[in-house]
């Protein structure tokens, strides 16, 4: 049982890191632990639990800005902004059910550290794009800040971007400021049926380049569609497009989309309630949930150019019986592979490398995550820069050491 | 010029002839410019109050040449200042007398346009507008649109994280760039990101964008291109008090409407613009708001009706909605010509660029009027109202002794005020040399040291664009030292389990 330090404020976080530095200890940084199973299976001397740093400290809806302590539950923030007709437009996914944990257990700090996003990534960006300001304790045991509370800011380097997606390896965030945006008045989803992956990819590209202005486009092959209640009755593959906005706009764009999609076959529609439920399921990759039929499979998250998604999917399906969920108009692949000793990392990465992009092993037993690279390995010059960046914030390798790559 | 630049390295200057010869071996032909007369056009950027002749100008044409030039300078400990089109308003491309000015103007090709993936791969010397022009035949465009877009280049946009009038809805450069090829000061060539979303590993692209040429030189950029909205309409709304205009902006956003553009001008700016362009602006108002909505016609008309209701409720004294594309462009003509319009009513003007929380606008405008009286200089304001980015234009006459100094002091006071009310020193023009010495108003030494250590990770000898952004130059070895206070923290007083 490792030591757990649970600071109550930023000053105590600084103390904790200095304690670790003084004793040559390493720290695992956790919020509420919802994404703890992601990353290399590394060992730390003690745990730095940031869940005690909780609470929204500023929310001004008309200024589109919210500040919170890093351990604030994301669900609390989402409920607060929803009560004001707003949302976090980056639509942070919930890894909980995918990893076998509880739903809605994450913190805002965790969402930013993992650079979460969702189906709206194609239109509204990821956490990085909504992260305005931060206060954090670096691996030097010093508190620093970057950014601010305004959306337009080029004063100094944008360290928020760097911390987003750094998985706690550069600094322990204590306070964060994010952008909030009005939630769309309504939404609807247009469905196409029985397309193969390649045809779906073509249609998704056409729609994303049209006046339909879709805020999400996903393709679910038949076995996956069957696992989501809202589309299970289709009894086949489903390609889905979300349209959000004011009602007259949604109606108009539905017509635009339908005329574009007409040559592809029959068209279905989901109204607001079913549409919201469908995209939540896609956001959280529900067809691959830990308690579902694919729960024992190893899970890869692959980002590539949308037009090349189907190509990667075909290879992985043929070679290793992968099940693939396509989001981001084909640019994001969730690939669930039958369990193996190495999660077929070599094949996955070489397949992605031929078309460009990167792959992260999101779910696999600890032994597998200890045996293969979880995050995309970098070419030597880039890996060296990554290491120097890491060391500029954490020269002794105290914070989440080895979580992303060995030695980083 | 009131800002101190790094001391000239006399050892480097003594070897100038040798350095020029070595650079000519890397970039043959006309690519190395060493005569004073031919270097003159490079002595300043858009911030013309600051001038310096570089030691030599190099205009490479290939990534290999950029890499070789940087590697040579890295080994020889020679400073390098990168430059795009030289439109920086903060002195980001101000040359150093003992440095190489690395001009990227010859990187002018659009390498690929990929409509299926909605990206364009361009060289850094391509102008911002040229990207949109290259894709407009299929109805696409590149969203960030800084007002210098005819001249400014994508490489410069990456360096400065440029914005524009549409960035509340469509984001700034960092939200619209997916990848780049980056040459480090050592000459190493890296690829960050690509045609996919979210680069692997650390978001290095996210820190390179907006790094003002201090971290590396970009030789290729992959930008997102978007389908142009079906239509756009603008409303021109006048208020008898800036508070009313500010309230209107807040209520529009509060109603869930994110306009494509939302600009505000104060009385002096309205007057100057109207006299210059005759856009039909009302002259008896204190604040004029341009609200532009874009999207499908049905949406635009629907939302414009709501904007009109909100404007009425906020006490608007004039309201006009554009009914044709010509009329919409006329509404914008005045705003877009605001800077030259102000140039007509004053021999010189100094353009500032702070961002404030929008609710602070009335207070900031009031305080600015007090400063205007104190410094005996007029000020006109244009304001990206949606995102709180304020551009006060301070009017002065450089030929009158002391006026430039007063204008600079006035400007510094405005920026300190922006920070005081919760805003920042610069929204889109960059720190450069102009705001460098104001950085401590916003950041502590610890904050700045964390930024400078990041610079060390990219450029260990501090040779790339030194003297910009950071008020104090530190050696990387000195910044890297650790001071662990073991005794004091052996048993931290915090809950443990």
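If only residues of region A:1-22 that are in contact with a strand residue (DSSP E or B) (Cβ under 9 Å, 6 or more places away or on another chain) and more than 7 Å from chain B (Cβ to nearest Cβ) are counted, the one that is farthest from residue A:171 (Cα to Cα) is A:2. Within region A:23-36, being under 19 Å from residue A:107 (Cβ atoms) and in contact with a strand residue (DSSP E or B) (Cβ under 7 Å, 6 or more places away or on another chain) holds for A:27, A:28, A:29, A:30, A:31, A:32, A:36.
Exactly one of these conditions fails for residue A:176: (1) in contact with a strand residue (DSSP E or B) (Cβ under 8 Å, 6 or more places away or on another chain); (2) more than 8 Å from chain B (Cβ to nearest Cβ); (3) over 22 Å from residue B:423 (Cβ atoms); (4) not in a loop (DSSP other than H, G, I, E, B). Give me its number. Against the list (1) in contact with a strand residue (DSSP E or B) (Cβ under 8 Å, 6 or more places away or on another chain); (2) more than 8 Å from chain B (Cβ to nearest Cβ); (3) over 22 Å from residue B:423 (Cβ atoms); (4) not in a loop (DSSP other than H, G, I, E, B), residue A:176 comes up short only on (3). Sort out which residues of region A:44-58 are part of a loop (DSSP other than H, G, I, E, B) and either under 22 Å from the mean Cα position of the chain (by Cα) or in contact (Cβ under 8 Å) with a residue 24 or more places away in the chain (or both), and write them in order of number. Correct list: A:44, A:45, A:53, A:54.
Close Cβ contacts (under 7 Å, 6 or more residues apart or on different chains) running from residues in region B:1-12 that are within 14 Å of residue B:94 (Cα to Cα) to residues that are modelled with pLDDT under 90 comprise B:1/B:49; B:6/B:473.
Could you tell me which residue of region B:164-178 is surrounded by the fewest Cβ atoms within 10 Å (Cβ to Cβ), considering only residues that are in contact with a strand residue (DSSP E or B) (Cβ under 7 Å, 6 or more places away or on another chain) and farther than 18 Å from residue A:121 by Cβ? Checking each candidate, the answer is B:166. Does residue A:140 meet the test of being in contact (Cβ under 8 Å) with a residue 60 or more places away in the chain, farther than 30 Å from residue B:297 by Cα, within 10 Å of another protein chain (Cβ to nearest Cβ) and assigned to a strand (DSSP E or B)? In short, no.
The rows are residues; the columns are (1) facing another protein chain (nearest Cβ under 8 Å); (2) surrounded by 22 or more Cβ atoms within 10 Å (Cβ to Cβ).
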{"site": "B:426", "(1), (2)": "yes, yes"}
{"site": "B:431", "(1), (2)": "yes, yes"}
{"site": "B:434", "(1), (2)": "no, yes"}
{"site": "B:441", "(1), (2)": "no, no"}
{"site": "B:445", "(1), (2)": "no, no"}
{"site": "B:461", "(1), (2)": "no, no"}
{"site": "B:464", "(1), (2)": "no, yes"}
{"site": "B:472", "(1), (2)": "no, no"}
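Just one of (1) closer than 28 Å to residue A:357 by Cβ; (2) within 8 Å of chain A (Cβ to nearest Cβ); (3) not in a loop (DSSP other than H, G, I, E, B) fails for residue B:251. It is (1). Among the residues of region A:357-376, those that are within 21 Å of the chain's Cα centre (by Cα) and surrounded by fewer than 17 Cβ atoms within 10 Å (Cβ to Cβ) comprise A:365, A:366. Would a scan of region A:216-227 turn up a residue that is more than 22 Å from residue A:314 (Cβ to Cβ) and over 21 Å from the mean Cα position of the chain (by Cα)? Within region A:216-227, none of the residues are more than 22 Å from residue A:314 (Cβ to Cβ) and over 21 Å from the mean Cα position of the chain (by Cα). Applying the criterion of at least 2 residues that are modelled with pLDDT under 95 to the strands (runs of 3 or more DSSP E) found wholly in region A:270-373 leaves an empty list.
Here is a yes/no grid of residues against (1) touching a residue at least 40 places away in the same chain (Cβ under 8 Å); (2) within 17 Å of residue A:288 (Cβ to Cβ):
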{"position": "A:301", "(1), (2)": "yes, yes"}
{"position": "A:308", "(1), (2)": "yes, no"}
{"position": "A:312", "(1), (2)": "yes, yes"}
{"position": "A:324", "(1), (2)": "yes, yes"}
{"position": "A:331", "(1), (2)": "yes, no"}
{"position": "A:336", "(1), (2)": "yes, yes"}
{"position": "A:346", "(1), (2)": "no, no"}
{"position": "A:372", "(1), (2)": "no, no"}
{"position": "A:379", "(1), (2)": "no, no"}
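Listed by position, the helices (runs of 4 or more DSSP H) inside region B:162-246 whose residues that are more than 24 Å from the chain's Cα centre (by Cα) and at the interface with chain A (Cβ under 9 Å from one of its Cβ atoms) number at least 3 form an empty set.
Listed conditions (1) assigned to a loop (DSSP other than H, G, I, E, B); (2) touching a strand residue (DSSP E or B) at 6+ places or on another chain (Cβ under 9 Å); (3) under 30 Å from residue B:470 (Cβ atoms) are all met by residue B:146, apart from (2). Please go through region B:37-87 and give me each residue that is over 21 Å from residue B:127 (Cα atoms), part of a strand (DSSP E or B) and under 25 Å from the mean Cα position of the chain (by Cα), ordered by number. B:79, B:80 - these are the residues of region B:37-87 that are over 21 Å from residue B:127 (Cα atoms), part of a strand (DSSP E or B) and under 25 Å from the mean Cα position of the chain (by Cα). Of the helices (runs of 4 or more DSSP H) contained entirely in region B:298-408, those carrying at least 3 residues that are closer than 18 Å to residue B:241 by Cα and in contact (Cβ under 8 Å) with a residue 24 or more places away in the chain fall at B:361-375.
Residues in region A:106-131 that are part of a loop (DSSP other than H, G, I, E, B) and touching a helix residue (DSSP H, G or I) at 6+ places or on another chain (Cβ under 8 Å): A:106, A:114, A:115, A:116, A:117, A:118, A:119, A:125.
The values are calculated or read from the model by the stated rules, or taken from the named source; none is laboratory data. Because the structure is a prediction, the values reported are computed rather than measured. With ideal geometry, Cβ positions are generated from the backbone for all residues, glycine too; neighbour counts draw on all protein chains shown.
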